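**Q** Quick one: this structure, given as structure tokens, is what I'll be asking you about.
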Amino acid sequence: MPPELSNPKLQLAFALALGVLGTYLLLPKPKSRSIALGTFALVAALAIFVAFTVQSFGQPIGELVPDILFWLFSTGAIAFGALLVTQRNPARGAIAFAFVILSSCGLFLLLAAPFLMAATIIIYAGAIIVTFLFVLMLSNVKGPSNENDRVREPLLGSLAGFAFTGLILFALLQSKPAEAATDEPAEPEFALPAPLLTKDDRIALREVRIQLDAALVESDANAAEEKAKSAHDKLAETIGGNGVMGLRKPVLERLRPLIGDPKLPTTHDPRLLAFTKQTLQLQKTNDDFEEKYVMAGPGMEDKASLRKLRDEVTVYSGNGQLPARNVGNVGLLLYSEHLLAVEMAGTLLMVATIGAVAIAGRKKGVSV
Amino acid sequence: MISLTHFLVVGAVLFGLGLVGFLTRRNLITLFLCAELMLQGVVLNFLAFGRMHGSLNGQVFGLFIITVAASEAGLGLALFLMLYRRGRSLDSGIWQTIREQGVPSVVDSEPLPKVIEDVHPVLTVAGHKPGVGSPTEGASRA
């Protein structure tokens, strides 16, 4: 790729221009529209857009299956969304919308929201069927008609929509922090979920793990003890005092009494609670290790405590699991924190139902 | 690895596409579907931010958005039905008659393409002698 084409701003501008052109060409018009050219422009825009996203916000490496699913669902949602906008026949538009919903539900699942995914599918399945019924009932899909074959200001409308998208993408590009040159494996700046351990924490924990591994295989007892002692000190410094525990002390102290409470409020991040529990457990293991290994006399060292500490450090350094009990937690949160909003949503639905019946009902004496 | 920004980008594109459709299309049902497309983009943003902060509040907001979308669907479709009864069309352009005074009306200058209807051959009714001219001619003579 020529160097000037690898400029993200240029790529964004190209993708947006091609997007405007493709949408403009594909929007329904009474005279023949250029479907081939429009499709080509939109596909080219999508390709440049993917290149821009990968180059600017990170390459999909590491977890292969979620990455493939993400690209599949996001491409599906965007492609069917474009089809909905440019489709002349509203019945086909409704089918394209159904695929948009399915694709975005896949994205919801990737974002650890299975309940919302199921709710969206159930609600929109009904909505789409009703829409379909309306299309078949009311829309003139047999021949050319003003509603399906004409559009309002195609060029200005496309420009407005793509300018808005471009503005958001440009803002995202500008807010991206500059990459720091480190030997740490490449990791996105806005990881999902946000990392509980900082980059420095993880580097320190990796060193601790390497030292503990070396102590386990060291044949010389003195050298092994030296390494184990050094690892113990570094771990104590990392997770206690000014380390993980110290930096997050206000949060951790507030959460400490809640740990083990069966009615754990979901307003608190369950992941943070689990992390706190794990940190406290690791501190305890490190204290045990000091007693059984570091302070023990020569030849009395407990190798099992060394191995246990190594295992716990390994697990601890790889935090970031999916939240469990999604449905239960969402329900608890809805009926504890957002009870008024639930009541209001219910009232809104009732008013909308009454309004729909009142609007659609035939009035006596009015011939329409 | 997929990060927050990737989801935000998809949400922004979905919203933008919905906006293009909402601004340009004239079919009321397509307009409604485009508005729903924009809402999907917004829900995706809420979920991604909720996931990033490890909070379930994003999902709760998503549920409320779906509630609003359902209310909108109910009212919107009832409104479309009423408008159709009055105008016999789903074209939003016919309602420019209620525009503000002094604003010029939009006139569609380009004519719609004419549809040439296929003329299918009609067979003679069974039991009648085929005529020379039209099939009905033969039938009437018989």
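Taken together, the values in this text are just the output of simple stated rules run on the coordinates, not laboratory data. Just so you know, these numbers come straight off a predicted model, no measurement behind them. All Cβ positions, glycine included, derive from the backbone under ideal geometry; neighbour counts span all protein chains shown.
**Q** As a test of the formula, what do you get for chain B when each DSSP H run with n ≥ 4 contributes -39,500 (n - 2.57) and the sum is divided by the residue count, at 222 nm and rounded to the nearest 500 deg cm²/dmol?
**A** Roughly -20500 deg cm²/dmol at 222 nm, from the helical runs in chain B.
**Q** Between A:A118 and B:A126, what's the calculated FRET efficiency when r is the beta-carbon distance and R0 is 51 Å? Round to 0.05.
**A** 0.35
**Q** Would you mind checking region A:115-154 for residues with the amide N under 14 Å from a putative spin-label position 7 Å along Cα→C-beta of A:K31?
**A** none
**Q** Over chain B, what is the relative contact order in percent, taking alpha-carbon pairs closer than 8 angstrom and at least six residues apart?
**A** It rounds to 17 percent for chain B.
**Q** At a 10 Å Cβ-Cβ cut-off, how would you order B:V20, A:V294, A:V330, A:V43, fewest neighbours first?
**A** The order, fewest Cβ neighbours first, is A:V43, A:V294, A:V330, B:V20.
**Q** Quick one: order A:V351, B:V60, A:V342 by neighbouring beta-carbon count within 10 Å, fewest to most.
**A** Ranked by crowding around the Cβ, least crowded first: A:V351, A:V342, B:V60.
**Q** Okay, moving on. Give me the one-decimal nm value for the distance between modelled label points at A:K284 and B:T97, 7 Å along each residue's Cα-to-Cβ direction.
**A** Using points 7 Å along Cα→Cβ, the separation is 7.9 nm.
**Q** How many angstrom lie between the Cα centre of region A:66-115 and the Cα centre of region B:1-58?
**A** 11 Å
**Q** Filter A:K363/B:K114; A:K142/A:K363; A:K234/A:K277; A:K176/A:K234; A:K227/A:K284; A:K9/A:K31 down to the pairs with a C-alpha to C-alpha distance above 26 Å, please.
**A** A:K363/B:K114; A:K142/A:K363; A:K176/A:K234; A:K9/A:K31
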